[in-house]
Amino acid sequence: MISVIGRAQDISDSIMSNPLDTIASYDIFDKLSETAGGRVTLGGDDVKSVIDELKTQKSKTLKGWRIRIYRDSNQAASRRAESIKNDIQKTYPGLPVYVTHISPNFYVEVGDYRTRDDAEKMRRTLITAYPAATLLSASINFPPL
């Protein structure tokens, strides 16, 4: 059971005032406490400790999909990989981009997709700019909570 001291409408208005806000962008318990001008009380299972434990599992991975958009081993490969990474970050903010070097190649991979279908949709978008875009089965990072 979770109870919040304060007006429910104030809490709802505050949380929804910025449509770009998501639960992942702030600690919901801190936000509820600030908005309510009071406190958040947890009963039964300690929900906050469970959520905090899940947040610390960032190093854990799960099976999913990524899109490889670049692979090369020439002398300029490192600079080109970084350039592609910067272009992707500007064009698709929030899309995870990974540059790796496994001798002799540099790779650029994007996304942390749980399903092949989701990865394929993004691959179709990227293929115009990156014709070599291919799907890879990969260990992906957990999505943010």
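Points worth noting:
- Residue identified as over 30 Å from I51 (Cα atoms), surrounded by fewer than 13 Cβ atoms within 10 Å (Cβ to Cβ) and touching a strand residue (DSSP E or B) at 6+ places or on another chain (Cβ under 8 Å) among A132, A81, A77: A132
- Residue count for the range 85-139, restricted to those that are closer than 18 Å to K63 by Cα and of a type in the set (F, W, Y): 2.
- When Y107, Y92, Y98, Y70 are screened for being closer than 17 Å to F142 by Cβ, surrounded by 14 or more Cβ atoms within 10 Å (Cβ to Cβ), at pLDDT 95 or above and of a type in the set (F, W, Y), only Y98 passes.
The values are calculated or read from the model by the stated rules, or taken from the named source; none is laboratory data. None of these values were measured; they are calculated from a predicted model. Methodologically, a virtual Cβ is constructed for each residue, glycine included, from the backbone with ideal geometry; neighbour enumeration extends over all protein chains shown.
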